[in-house]
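The values are calculated or read from the model by the stated rules, or taken from the named source; none is laboratory data. Given the structure is predicted, the values throughout are model-derived calculations rather than measurements. Note that we place each Cβ from the backbone using ideal geometry, even for glycine, and neighbour counts take in every protein chain shown. Surface areas here come from the heavy atoms of the whole protein model, side chains and all, with no ligands, DNA or RNA. Shrake-Rupley method; radii C 1.70, N 1.55, O 1.52, S 1.80 Å.
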Protein chains: 2
Amino acid sequence: MNYKIVARFLSILAFTITASLIFPLFWALADGTEDASAFFLSALVGTAISAAFFILGKGAKKEDLGSREAIAGVAFSWVVASLIGCMPYIFSGYIPSFTDAYFEAMSGFTTTGATVMRDIEPVPRGILMWRAQTQWLGGMGIVVLVIAMLPLLGVNMTQLFKAESPGPSLEKTYPRIAEMAVMLWRLYMGLTVVSALLLVAGGMTLYNAIAHTFAAVSTGGFSTHNASVAYYDSAYIDYVLTFVMFIAGANFNLHLAALRGRSFRPYKDSEFHFYTAVALGATLMICAVLLRDGVFKNFFQALRYSLFQVVSIMTTTGFVTADYGKWPMFTQLTLLALMLLGGCAGSTAGAIKCVRFQVVIKESIAELKKMIHPNAVVAIFQSNGTANPSMVASSACFIATFIIIWGVSSLAVSLCGNDIVTSISAVSATLCNVGPGLADVGPVCNFAEQSAFAKWIYTFDMLCGRLELYTVLVLFSRDMWRK
Amino acid sequence: MNYKIVARFLSILAFTITASLIFPLFWALADGTEDASAFFLSALVGTAISAAFFILGKGAKKEDLGSREAIAGVAFSWVVASLIGCMPYIFSGYIPSFTDAYFEAMSGFTTTGATVMRDIEPVPRGILMWRAQTQWLGGMGIVVLVIAMLPLLGVNMTQLFKAESPGPSLEKTYPRIAEMAVMLWRLYMGLTVVSALLLVAGGMTLYNAIAHTFAAVSTGGFSTHNASVAYYDSAYIDYVLTFVMFIAGANFNLHLAALRGRSFRPYKDSEFHFYTAVALGATLMICAVLLRDGVFKNFFQALRYSLFQVVSIMTTTGFVTADYGKWPMFTQLTLLALMLLGGCAGSTAGAIKCVRFQVVIKESIAELKKMIHPNAVVAIFQSNGTANPSMVASSACFIATFIIIWGVSSLAVSLCGNDIVTSISAVSATLCNVGPGLADVGPVCNFAEQSAFAKWIYTFDMLCGRLELYTVLVLFSRDMWRK
Ligand SMILES: [K+]
Ligand SMILES: [K+]
């Protein structure tokens with residue numbers, strides 16, 4: 001491992017995060033609130049961190065950038081970003097504890113949206129904009145760093161993004177990392193502008209439109225209201241956000257291909273079909289149970305609330321328009337299952353991802369066929385050709401590893417006196433980067449009451465989930481640090 | 001699919017089950033209780049079923065036995081056995097509803113040990129012996145049919161048993177199915193006799209010693225007392241049963257090899273080591289938490305109860321000596337995780353099995369290595385050589401399929417108004433063939449209050465879990481029934 005090149009990369013990252021403090025500072029200065037000084041102090045700390053990494057990285061050469069350096073660079077990006085990101089919370093005094101502030105910052109940068117704030121509305125707009133912006137930066141990090149950078153370095157875990165990308169292989173279309181990163185960045189930026197305009201058209205103030213857009217396109221889910229999106233009680237806003245979340249939870253490579261070809265054909269993708277079918281199927285089931293149990297009397301109202309909650313949870317956004325903690329058990333368990341499923345590979349959504357489940361289901365069906373015809377060769381297909389055995393093993397192991405981390409984390413946080421539903425759903429909500437869970441961490445609750453030990457477990461889970469597990473787990477390998 | 005050969009096999013099976021009614025009948029006649037007539041009526045029904053299959057199977061030829069016929073024969077064995085097995089419950093009037101009686105019979109034959117009986121002690125000894133005996137027959141079915149028969153037919157799912165069996169491959173040691181089946185049967189019989197003698201030595205009546213032995217060697221877990229094994233309040237009996245359950249949860253091929261070679265060397269097996277390590281590790285963790293929270297004051301008492309509960313749950317037996325529903329959350333979640341893990345492949349234990357987790361954990365570590373060295377070839381090893389990619393994919397897909405069935409079943413039973421912990425743990429308890437779960441189906445509760453719809457889901461899950469999923473799932477494939 002070459003530490004210098006990693007340090008240089010982190011120095012650039014720290015500088016970028018620090019520079020981005022300007023945007024929330026603008027709102028603080030406009031309002032004349034006391035959080036402006038917190039941003040200045042944070043910028044000082046951020047600059048110091050950036051400078052320290054710059055000195056450590058002196059003499060780094062571009063040729064030293066290998067897989068290990070890329071992995072370490074990506075993983076520590078989130079750790080360092082959160083270190084700078086938690087400063088405004090601490091300096092402004094709105095989240096004085098370091099554990100809490102770091103949790104909140106990591107929750108933002110990993111686009112989780114789990115909060116330790118009990119009461120959001122009295123917090124000044126600068127701080128809340130910073131909180132919203134961390135998600136947007138984190139989402140961009142996923143889109144640019146993870147989707148564009150790692151596959152080109154041949155990192156195994158991202159085989160799936162490549163296998164699923166439509167049309168000619170991405171390496172051929174974009175021979176250079178930089179070119180592809182720029183394309184993805186433009187797409188992300190475009191989606192942000194469109195979403196903000198649509199929300200302003202629905203009567204949101206510019207400030208709230210930007211904050212909710214930041215949360216939606218990154219599938220982060222932080223709101224500026226205690227009641228989340230339910231505050232607006234507007235069908236128009238609900239449907240606009242549903243649409244934006246749905247787009248953000250789909251593979252960005254599909255959107256790129258569709259925009260370049262000015263055609264919907266790229267959406268004829270097996271994962272996208274699965275994603276759409278599950279979202280619609282779950283919505284109809286939940287809608288039916290809500291009507292049966294009389295939670296809503298009107299079909300269209302039931303549809304609106306089920307669709308919003310399903311898309312919000314499945315894309316791992318975590319916006320809330322109804323207190324689903326009071327809904328029938330079946331609907332709560334369905335939402336818990338959707339948390340684990342997640343959106344598409346190559347999106348800003350977290351969790352296991354549709355394509356992995358799809359490959360595993362196809363392989364299981366192939367296994368059944370092999371039982372009946374022991375000597376037959378049974379191949380399984382995804383949009384872009386055959387899924388090879390190593391891809392199947394990789395997907396299935398990912399699911400199993402995910403379940404193991406989920407189980408071990410649930411055990412650990414149950415040690416702090418949480419009940420079973422709180423333990424399991426809090427870990428699901430953080431590991432899958434959703435945000436709200438059930439019971440004590442449900443849609444109308446927060447993580448403030450959790451113990452410090454549990455909060456660090458959640459912080460680790462958020463990072464783990466966001467970086468597809470292996471990027472974080474590999475840091476514990478001796479091989480990673482050798483030489 | 002050749003129906004005739006399957007029918008002939010089921011005719012022999014139905015006859016065997018019917019003939020075995022003699023043993024409980026003996027106790028009923030000895031006590032002079034009214035259940036004797038129920039056994040005569042059940043024998044009539046059993047004979048009729050056997051005769052019907054005999055007529056359907058006329059003209060069957062041995063050469064027609066292929067994979068599909070073997071799979072259908074095994075899967076329907078449990079369905080038909082439970083159909084005969086539920087008769088004594090219905091005719092004696094102790095479980096009048098067909099749904100309930102079939103649930104109880106399937107629970108016995110699948111060695112699950114989940115019960116719908118609210119009060120066991122007033123039930124006559126004949127009926128309770130039949131209930132205990134169904135487990136013993138089911139356990140023998142697993143040992144003889146599944147371990148001996150399916151691998152020799154080249155059925156893919158049992159690759160694991162072969163890969164894990166120590167010494168020269170089983171095919172070479174036992175060229176004929178019959179020979180290996182006889183060896184396994186003798187081993188199972190021997191373990192039964194030893195266990196019964198040890199329990200009688202501890203002061204149990206012969207009747208109770210036999211009934212509890214039937215439940216222990218098959219990892220079934222039905223007791224003749226409402227308080228289960230806690231009734232005896234004897235450290236000696238606790239430790240004897242812990243030992244028997246531990247043996248029954250280990251790979252029977254290891255025991256066979258050890259007995260034949262008069263050596264402990266076969267136990268130097270990677271899965272057996274994992275199994276032992278997890279059991280001891282979980283015991284110590286639970287013991288520590290019980291002492292910390294003051295559930296027990298004395299270390300040796302805490303050890304005795306944690307060890308018993310851990311081995312009972314991990315081997316999927318489900319005997320109970322303490323109401324762990326009142327233990328700290330951490331210990332309950334640990335037990336829930338152990339349920340899903342289960343014992344060793346090639347044992348009478350249910351659930352996912354240690355070896356599958358082990359292969360997946362090793363593969364995940366290999367994936368981490370591949371991330372660091374993208375061009376390296378990383379092989380993973382089990383006791384008997386390299387685990388090939390198809391074995392890894394198979395194990396990982398099994399876990400994923402298990403989790404999917406678990407999730408879907410939990411969703412289905414939550415529709416009946418169960419809370420989340422009851423839904424999840426009832427499905428775990430039945431799908432993993434453990435018996436007791438948590439909350440409404442906890443160690444001091446039963447399945448009587450569950451709705452009929454939920455009971456059929458549990459019945460299906462018991463069968464699915466017992467037959468390693470695929471043997472049941474494949475029945476839903478069109479390919480299975482063609483020709
Ligand atoms: K989120
Ligand atoms: K059992």
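In table form, for the structure just shown:
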item	result
Cross-chain or 6+ apart pairs with Cβ under 7 Å, the range A:274-285 first and under 16 Å from A:Y324 (Cβ atoms), then open to solvent by 30 Å² or more (accessible area, probe 1.4 Å)	A:T283/A:L307
Restricting the range B:206-227 to residues that are under 18 Å from the mean Cα position of the chain (by Cα) and of a type in the set (S, T, Y), the residue that is nearest to ligand 2 (Cβ to nearest atom)	B:T219
The range B:432-474, subset in contact with a helix residue (DSSP H, G or I) (Cβ under 7 Å, 6 or more places away or on another chain) and small (G, A, S), residue farthest from the other protein chains (Cβ to nearest Cβ)	B:G435
Enumeration of residues in the range A:382-416 that are at pLDDT 80 or above and in a loop (DSSP other than H, G, I, E, B)	A:L415, A:C416
Pair list, Cβ under 7 Å, 6 or more apart: the range A:323-334 residue outside any helix (DSSP H, G or I), other residue modelled with pLDDT under 85	A:D323/A:P443; A:D323/A:V444
Flag if A:L291 is in a helix (DSSP H, G or I), under 22 Å from A:I313 (Cβ atoms) and of a type outside the set (G, A, S)	yes
Of all residues in the range B:333-364 being within 11 Å of the chain's Cα centre (by Cα) and polar (S, T, N, Q), the one that is farthest from ligand 1 (Cβ to nearest atom)	B:T348
B:N446 over 22 Å from B:L83 (Cβ atoms), modelled with pLDDT of 80 or more and not in a helix (DSSP H, G or I)	yes
Unmet criterion (only one of (1) over 23 Å from A:L145 (Cα atoms); (2) surrounded by fewer than 24 Cβ atoms within 10 Å (Cβ to Cβ); (3) touching a Leu at 6+ places or on another chain (Cβ under 6 Å)) for A:A70	(1)
Every residue from the range B:388-431 that is among the polar types (S, T, N, Q) and either at the interface with chain A (Cβ under 7 Å from one of its Cβ atoms) or out of contact with any Gly (no Cβ under 8 Å at 6 or more places or on another chain) (or both)	B:N388, B:S390, B:S394, B:S395, B:T401, B:S409, B:S410, B:S414, B:N418, B:S423
Spans of helices (runs of 4 or more DSSP H) in the range A:56-154 with at least 3 residues of a type in the set (A, V, I, L, M)	A:67-85, A:98-109, A:125-141
Residue pairs meeting the criteria (Cβ under 9 Å; at least 6 apart or on separate chains; first farther than 18 Å from A:P443 by Cβ, in the range A:290-310; second open to solvent by 30 Å² or more (accessible area, probe 1.4 Å) and polar (S, T, N, Q))	A:L291/A:N298
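Residues are listed down the side, and each one gets a yes or a no for (1) more than 16 Å from ligand 1 (Cβ to nearest atom); (2) out of contact with any Phe, Trp or Tyr (no Cβ under 9 Å at 6 or more places or on another chain); (3) more than 14 Å from chain A (Cβ to nearest Cβ); (4) part of a helix (DSSP H, G or I):
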{"residue": "B:L197", "(1), (2), (3), (4)": "yes, yes, yes, yes"}
{"residue": "B:G203", "(1), (2), (3), (4)": "yes, no, yes, no"}
{"residue": "B:Y207", "(1), (2), (3), (4)": "yes, no, yes, yes"}
{"residue": "B:T219", "(1), (2), (3), (4)": "yes, yes, yes, no"}
{"residue": "B:T224", "(1), (2), (3), (4)": "yes, no, yes, no"}
{"residue": "B:F243", "(1), (2), (3), (4)": "yes, yes, yes, yes"}
{"residue": "B:I247", "(1), (2), (3), (4)": "yes, yes, yes, yes"}
{"residue": "B:R260", "(1), (2), (3), (4)": "yes, yes, yes, yes"}
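Here is a yes/no grid of residues against (1) open to solvent by less than 10 Å² (accessible area, probe 1.4 Å); (2) among the aliphatic types (A, V, I, L, M):
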site	(1), (2)
B:D293	no, no
B:F299	no, no
B:L303	no, yes
B:S306	yes, no
B:K326	no, no
B:L333	no, yes
B:G343	yes, no
